[in-house]
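In what follows, a structure is listed as structure tokens, so that the remarks can point back to it.
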């Protein structure tokens, strides 16, 4: 087994591949790392303050975290619509999902704007807020002449801004897909289908990188190869065990903690090396 990545599917197809799809948050960018604590914390707080929760704090946190992470990759409003169902099941009167979305984003952006400021001012460089060696793997793939696509559940305006701050967006050209104004109809599945139909590819010719359930299941749905990026938070190293567990359950073919060994990884995926 190669030391630089974990093979979950011993029968995984090895390339060459004709298109590569990347998720953004947690897969390339770490600017929004920590968002689950903000979202889950808000939901737990609402349920507690509304006297709609009989569980212990630990049980309630686990319940909410499971459905939040299962929907990771969808537009935020989809997670909030699921929360609305939870409030109704408990006999409460929920707000509109978009109202919950606004409340969550207000909380999250207090942290995110601080990180924007660090990058905009030049006090830190882009390398500090990307998954390690993210720039290197994008350059490697561009050198192979393979078209790159970016799909994110984060709103398009933020993706454009943060992608430019991190200097990763140019690698994708016009192939950047994200919901406008939290559009709940946005789907990574539609992006996958568009890639295949536009380029005339077979599903097996698509390679994906992501840290979420949605992009993993969509790439696997069409028969593509999925590399699960079990990235750690900034300043930490190694595989994030919670992400690894979710990615494994979703059907990822390989697991990596970051792109530090991207040259070996792509060489193996393209069938150029044995380890």
How would you rank 199, 206, 265, 247, going from fewest to most other Cβ atoms within 10 Å of each one's own Cβ? 199, 265, 206, 247
If the elastic network links every pair of Cα atoms under 10 Å, which of 211, 57, 253 fluctuates the most in the Gaussian network model of the chain? 57
Net lengthening on full extension, residue 121/residue 221 (0.36 nm per residue, minus Cα-Cα): 31.8 nm
Pairing the Cα long axis of helix 241-250 with the longest principal axis of the chain, what angle in degrees results, from 0 to 90 and rounded to the nearest 10? 80 degrees
Provide the descending list of Cα extents for the stretch 35-121 along its principal axes, expressed in whole angstroms. 47, 25, 23
Expressed to one decimal in nm², the mean projection of the alpha carbon convex hull of the chain is 14.4 nm²
What order do you get for 4, 56, 152 when you list them from fewest to most C-beta neighbours inside 10 Å? 56, 4, 152
Virtual spin-label span in nm between residue 263 and residue 11, 7 Å along Cα→Cβ: 3.4 nm
Where both residues lie in the chain, what percent of DSSP beta bridges are antiparallel, nearest 5? 15 percent
Which angle between 0 and 90 degrees, to the nearest 10, do you get for helix 76-89 versus the longest principal axis of the chain when only C-alpha atoms count? 40 degrees
For the chain, what does -39500 (n - 2.57) per DSSP helix run (n ≥ 4), summed and divided by total residues, give at 222 nm, in deg cm²/dmol to the nearest 500? -14500 deg cm²/dmol
Calculated over the stretch 14-79: convex hull of Cα atoms, volume per residue (Å³): 118 Å³
If R0 = 22 Å, then residue 84 and residue 193, at their Cβ-Cβ distance, give a FRET efficiency to the nearest 0.05 of 0.20
Which of 132, 75, 184 moves most in a GNM of the chain, Cα contacts under 10 Å? 184
Contour minus end-to-end for residue 204 and residue 49, with contour as 0.36 nm per residue of separation and end-to-end as the Cα-Cα distance? 50.9 nm
Once you place label points 7 Å from the Cα toward the Cβ at residue 161 and residue 57, how far apart are they in nm? 3.2 nm
For the stretch 35-121 the mean separation of alpha carbon contacts under 8 Å (6+ apart) over residue count, i.e. relative contact order in percent, is 30 percent
Here the alpha-carbon Rg of the stretch 129-275 over 2.2 N^0.38 Å rounds to 1.02
By count of other Cβ within 10 Å, fewest leading, how are 155, 95 ordered? 95, 155
Angle, helix 57-70 long axis vs. longest principal axis of the chain, Cα atoms, 0 to 90°, nearest 10? 40 degrees
Rounded to the nearest 0.05, what FRET efficiency do residue 66 and residue 170 have when you use their Cβ-Cβ distance and R0 = 35 Å? 0.40
Say R0 is 22 Å: what FRET efficiency, to the nearest 0.05, do residue 37 and residue 113 get from their beta-carbon distance? 0.80
Inter-label distance, nm, simple model (7 Å from Cα along the C-beta direction), residue 270/residue 102: 4.9 nm
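Read-outs throughout are calculated quantities, based only on the coordinates presented, and are distinct from any laboratory measurement. Only a predicted model underlies this, so the values are computations on that prediction, with no experimental measurement involved. Note that we place each Cβ from the backbone using ideal geometry, even for glycine, and neighbour counts take in every protein chain shown.
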